[in-house]
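Read through the structure below, which is laid out as structure tokens, and then see the notes.
Derivation of every value follows stated rules applied to the coordinates shown; laboratory data play no part. Note that the structure is a prediction, hence the values are computed from the model and not measured. All Cβ positions, glycine included, derive from the backbone under ideal geometry; neighbour counts span all protein chains shown.
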Amino acid sequence: MKALILVGGFGTRLRPLTLSVPKPLVEFGNKPMIMHQIEALADAGVTDVVLAVNYRPEIMEARLSKIAEKFGINITFSIETEPLGTAGPLKLAEKVLRKDDSPFFVLNSDVTCEFPFKELVAFHKAHGDEGTIIVTKVEEPSKYGVIVHKPNHPSRIDRFVEKPVEFVGNRINAGLYLLNTSVLDRIELRPTSIEQETFPAMVRDGLLHSFDLEGYWMDVGQPKDFLTGTCLYLSSLTKKGSKLLTPASEPYVHIGNVMIDPTAKIGKNCRIGPNVTIGPGVVVGDGVRLQRCVLLAKSKVRDHAWIKSTIVGWNSTVGRWARLENVTVLGDDVTIGDEIYVNGGSVLPHKSIKQNVDSPQVIM
Ligand code: GDD
Ligand code: MG
């Protein structure tokens, strides 16, 4: 089988992290975001993955060729000279997607869940129509694509409304599809939206179905949601009793949902958790308090710092007795001085912060 991942542009909503690293390579749960998707696809029998991008992906190419080797799959890049939206890239990659008659997966690169792809394939084959989209329930549907079912039909979609202004329902497009190759006949090679054009056309023909997602789901394309998504992911690992987590019996683990890379060093008398990921080569000093936060590779947290709802970028340093909270995001190689308070700061790479940041702002 084949898959196309919509990787898109520069990931501006995940700045300042994406100023240094392409969004798909930002580590989510200590693993590049896109790895979670590629692993799940390979597991479902996918052999060819197309990454649809609209920039030159040199850095990604190098990293992903190793991943491809590991999973024994082909990964190719389909590069747009102008952004083709969410449908145009399918047409651009038509050759790979039509390699055989089997249906192909399409994934938004910024979503996380347990990726039930095998179940999706079985469901899609059973109904026999042109497309299936995975749906999930959310409380605030207005920033998503909303689906409404045909009356008296459990899965056939009656309406697809992208970013509805008025409430039409709370079951939303999770950004994961399985489509027959005939869908490619509906798409022209131009900037075009699968949500605004292709899905409504398939709905009119009664050929689009929904598949209900079980468990958690999150679009992690912005820092606040990245943190929430991390909590959901760690909770699901806890539920499964995953060995990826640091045992809650460790004296410094508080409550649980803690993932610490084996190469990280943790000082004395720390209190870590719940919902923390600590990447490779990270050094945490003594008496540090960490909760609901992500420490990316090779960052340092000095003694007695207090960090909550924060992403600490690669190679950054947080000073002694510093306090970070309220969706603070440090880019690559940022230094936060001793005893500094940062409240919702988004700090660009290589900056050094020597004064308190009392209210949410971008620090350039
Ligand atoms: N290659 C390519 N080219 N990819 C693109 C382009 C483009 O021009 N534009 C967007 N993408 C990619 C993005 O990188 C992302 O992975 C995916 O397409 C969806 O775009 P977003 O910008 O993240 O859309 P959204 O989050 O507002 O809405 C979409 O996702 C929701 C679920 O998170 C829609 O599919 C909604 O219907 C859905 O509910
Ligand atoms: Mg998105």
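Going by alpha carbons, how many degrees (0 to 90, nearest 10) lie between the helix axis of 58-71 and the longest principal axis of the chain? Computed tilt is about 70 degrees.
For the stretch 239-256, 3J(HN,Hα) computed residue by residue from phi via the Karplus equation (6.51, -1.76, 1.60; θ = phi - 60°) reads 4, 7, x, 5, 6, 5, 8, 6, x, 5, 6, 4, x, 8, 7, 9, 6, x Hz, glycine and proline entered as x. Phi angles across the stretch 301-311 convert, under the Karplus curve 6.51 cos²θ - 1.76 cosθ + 1.60 with θ = phi - 60°, into 3J(HN,Hα) values of 10, 6, 3, 6, 5, 10, 10, 9, 6, 9, 10 Hz, Gly and Pro given as x.
Taking a straight Cα-Cα cut-off under 25 Å and skipping sequence neighbours fewer than 8 places away in the same chain, the lysines within cross-link reach of K239 are K31, K118, K137, K224, K308. Would you mind pulling out the separation of the Cα centroids of the stretch 134-153 and the stretch 164-196, in Å? Using only Cα atoms to place each centre, the spacing works out to 13 Å.
Taking amide H positions as modeled 1.01 Å from N, with prolines and chain starts lacking one, no residue 5 or more places away or on another chain lies under 5 Å from I73. Neighbour counting of Cβ atoms within 10 Å sorts the residues M35, M259, fewest neighbours leading, into M35, M259. Sorting 96-103, 198-205 by their mean Cβ neighbour count within 10 Å, with the most densely packed peptide first, gives 198-205, 96-103.
Here's the list of aspartates and glutamates a cross-link from K243 could span, going by alpha-carbon distance under 16 Å and ignoring same-chain residues fewer than 8 apart: D261. Residues L295, L234 in ascending order of nearby Cβ atoms (within 10 Å, fewest first): L234, L295. For the stretch 281-312 versus the stretch 324-363, the inter-centroid distance based on Cα atoms is 13 Å.
Between I260 and T246, I278, the built amide H atoms are under 5 Å apart, and every one of these is 5 or more places off in sequence or on another chain.
Once you sort the root eigenvalues of the Cα gyration tensor of the stretch 272-342 as a ≥ b ≥ c, which label holds: rounded (a/c under 1.5), prolate (a/b larger than b/c) or oblate (the other case)? Rounded, since a/c falls under 1.5. Only Cα pairs under 8 Å and 6+ residues apart enter the sum, and on that basis the relative contact order of the stretch 222-364 stands at 13 percent. Residue by residue, the stretch 37-43 carries 3J(HN,Hα) couplings of 6, 5, 4, 5, 5, 4, 5 Hz when phi is fed to the Karplus relation 6.51 cos²θ - 1.76 cosθ + 1.60 (θ = phi - 60°); x denotes Gly or Pro. Considering all C-alpha pairs of the chain, those separated by over 34 Å amount to 30%.
The aspartates and glutamates whose alpha-carbon is closer than 14 Å to the alpha-carbon of K91, local same-chain residues fewer than 8 away aside, are E80, E82, D185, E188, E197. As a rough guide to protection, the peptides 79-87, 352-360 ranked by mean Cβ packing within 10 Å, highest first, stand as 79-87, 352-360. Amide H contacts of D212: V135, each under 5 Å away and 5 or more positions distant or on a separate chain (H built 1.01 Å from N in the peptide plane; Pro and chain starts excluded). For the listed peptides 59-66, 112-119, a ranking on the average number of other beta carbons within 10 Å per residue, highest first, reads 112-119, 59-66.
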